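One structure is given below, encoded as structure tokens.
The values are calculated or read from the model by the stated rules, or taken from the named source; none is laboratory data. From a predicted model like this one, the values you see are computed outputs, not experimental measurements. Quick reminder, even Gly has a Cβ in these numbers, built from the backbone with ideal geometry, and neighbours come from all protein chains shown. Side chains included, ligands, DNA and RNA excluded: accessible areas come from the protein's heavy atoms. Shrake-Rupley method; radii C 1.70, N 1.55, O 1.52, S 1.80 Å.
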Amino acid sequence: MLLLRCPLPLLLLLLPLGSRPQKLPTRDEELFQMQIRDKAFFHDSSVIPDGAEISSYLFRDTPKRYFFVVEEDNTPLAVTVTPCDAPLEWKLSVQELPEEASGEGSGDPEPLEQQKQQITDEEGTELFSYKGNDVEYFVSSSSPSGLYQLDLLSTEKDTHFKVYATTTPESDQPYPELPYDPRIDVTSLGRTTVTLAWKPSPTASLLRQPIQYCIVINKEHNFKSLCAVEAKLSSDDAFMMAPKPGLDFSPFDFAHFGFPVDSNSGKERGFLKSSKFGRQTSPKPRVDLHRVCIGNKNIFTVSDLKPDTQYYFDMFAVNTNTNMSTAYVGTFARTKEEAKQKTVELKDGKVTDVFIKRKGAKFLRFAPVSSHQKVTFSVHSCLDAVQIQVRRDGKLLLSQSVEGVRQFQLRGKAKAKYLIRLKGSKKGASMLKILATTRPNKQSFPSLPEDTRIKAFDKLRTCSSVTVAWLGTQERNKFCIYKREVDDNYNEEQKKREQNQCLGPDTRKKSEKVLCKYFHSQNIQKAVTTETIRGLQPGKSYLLDVYVIGHGGHSVKYQSKLVKTRKFC
């Protein structure tokens, strides 16, 4: 027979000694009202209070027993056991309350040791048993009086659980009631979204109690209780610091197990810290599991999912007054596949224009017709940075972020095929030009310096001219400078919208052209050129653009520069 998990004298301190049979406290007693406010009291006790949920902990293969008293025959009774992260074996039994001893006619109650023997040595009548990880109930509309025993065992691993017992199940109703159809419906399915709908809990719609719904999303399996979700979400999923059975540990030290306790309790009672003797295990990686509570809505769209991926969805109705929950019947769904992208074929030495939607992607294929030692990819991102990946016969060769003009040279292979994946910006649509070639001298895009800004010299500014400078390279290129008068309220935001580097001089008006010239320097430190733009109006603002034009005729625009002439000279 099992022994009590805590000393029986501690249990019997709750019982008033007198001429009548001893009984455990109920909600009607003033003492119990004081104790129920201290939740930690019941972690250190084998007493199940009437009408309050308790949380506790089981070591593997170490049984635990709880008691509660039903004082009168024909009493309604409901017991709920919630496993958290491991299946449980549990059994509910009842035995008659201990009789009073005669005490040789004195009327004194039996000694405590005799009562202990009576309670622990007598086998009770089994009322119900269960083995599994479901939230299971024992409900009876008419139960006999007696001392009830709840025995629990975990054979898989250390775990925690919750127990709720009440003799007034009709009036209590702490758990939200499920509707007649407790299923979750998938009403809409997309590549990255799933819309769920469910019928409201009668506890909210009929009894007007405060109910909120919490959705749990993961890729592994459905959950049968919110307690199981919380255990999975916990970083101490393996209960790494759990004390070993037999040592002098205190349930007040169970802060690592998710139990709400007063941080000063352990210090006041002088208990050892569990870390002193806790077994160490390597931490598990955090599970890909998400929980979101959405108030009392009964339709919700889950977004930011991955395409062609199976997800499991669970819904829990939570009574915000009692913080107790009930699980709907979970469901699962697979998001739709990505739309099959048309692969664009690249021709050797030919520039291809590519447009990508916001957060979108494009696939290109390059299959050289002849054997080659090297292959060169030149990319010109017109707006924001784009991501480029290059695979050769399935093997990843390159993964880079490209802003402006970049060139990548990769080692070739006979009869190789290259797959290029371009991923756009999160900010907005992306535009770019790409060229692939096996001929190393075939360069359509001009080379650029690292700094493509235009510098204006404030001291050289006059009422009719401005002087600017920009960097060049060692390669001889053609540079063209253009000007455009703008309003005084022209700002950086407007300038940013016009920063499409792929728009060439052919898009500009002839009247905006200032000049074109060739420039380069073998000494990169001296590759700087200046130019004075004349014929401007006093006190006016101008937007200046410099284009560098490569041998293939393709141009790249430097960063625009906003200047203003002096108003008075």
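In table form, for the structure just shown:
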read-out	value
Qualifying residues in the stretch 434-468 (those that are in a strand (DSSP E or B) and open to solvent by less than 10 Å² (accessible area, probe 1.4 Å)) - the one farthest from Ala385 (Cα to Cα)	Val466
Verdict on Lys395 being without any contact (Cβ under 8 Å) to a residue 12 or more places away in the chain and exposed (fewer than 13 other Cβ atoms within 10 Å of the Cβ)	yes
Number of positions in the stretch 147-206 that are more than 27 Å from Asn321 (Cα to Cα), assigned to a loop (DSSP other than H, G, I, E, B), touching a strand residue (DSSP E or B) at 6+ places or on another chain (Cβ under 7 Å) and in the same structural domain as Val329 (by the TED database)	1
Residues satisfying the stated conditions in the stretch 120-173, i.e. among the hydrophobic types (A, V, I, L, M, F, W, C), open to solvent by less than 70 Å² (accessible area, probe 1.4 Å) and out of contact with any Cys (no Cβ under 6 Å at 6 or more places or on another chain)	Leu127, Phe128, Val135, Phe138, Leu147, Leu150, Leu152, Leu153, Val163, Ala165
From Ala361, Ala414, residue being hydrophobic (A, V, I, L, M, F, W, C) and open to solvent by less than 50 Å² (accessible area, probe 1.4 Å)	Ala361
Selection count where residues are within 43 Å of the chain's Cα centre (by Cα) and either over 18 Å from Asn74 (Cα atoms) or not in a strand (DSSP E or B) (or both), scope the stretch 137-146	1
Complete set of residues in the stretch 48-77 that are more than 19 Å from Leu153 (Cα to Cα), under 41 Å from the mean Cα position of the chain (by Cα) and among the aliphatic types (A, V, I, L, M)	Ala52, Leu77
Residue match in the stretch 366-381 (condition: at pLDDT below 90, under 29 Å from the mean Cα position of the chain (by Cα) and surrounded by fewer than 14 Cβ atoms within 10 Å (Cβ to Cβ))	no
Identity of the residue in the stretch 417-433, more than 25 Å from Lys395 (Cβ to Cβ) and open to solvent by 20 Å² or more (accessible area, probe 1.4 Å), that ends up farthest from the chain's Cα centre (by Cα)	Lys433
Which numbered condition Lys340 misses (of (1) of a type outside the set (Asp, Glu); (2) without any contact (Cβ under 8 Å) to a residue 12 or more places away in the chain; (3) not in a loop (DSSP other than H, G, I, E, B))	(3)
Looking only at the stretch 317-337, and only at residues there that are surrounded by fewer than 17 Cβ atoms within 10 Å (Cβ to Cβ) and assigned to a loop (DSSP other than H, G, I, E, B), the one that is farthest from the chain's Cα centre (by Cα)	Asn321
Filtered residues of the stretch 124-133 (kept if at pLDDT 90 or above and either basic (Lys, Arg) or assigned to a loop (DSSP other than H, G, I, E, B) (or both))	Lys131
Single residue of Thr301, Thr281 found to be surrounded by fewer than 17 Cβ atoms within 10 Å (Cβ to Cβ), modelled with pLDDT of 90 or more and either β-branched (Val, Ile, Thr) or assigned by the TED database to the domain that holds Ile184 (or both)	Thr301
Matching strands (runs of 3 or more DSSP E) fully within the stretch 475-569 where at least 3 residues are in contact (Cβ under 8 Å) with a residue 12 or more places away in the chain, of a type in the set (Phe, Trp, Tyr) and surrounded by fewer than 18 Cβ atoms within 10 Å (Cβ to Cβ)	none
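Yes/no per residue for (1) free of Cβ contacts under 8 Å to residues at least 60 places away in the same chain; (2) open to solvent by 50 Å² or more (accessible area, probe 1.4 Å):
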| residue | (1), (2) |
| --- | --- |
| Tyr180 | yes, yes |
| Arg191 | no, yes |
| Ser201 | no, no |
| Gln212 | no, yes |
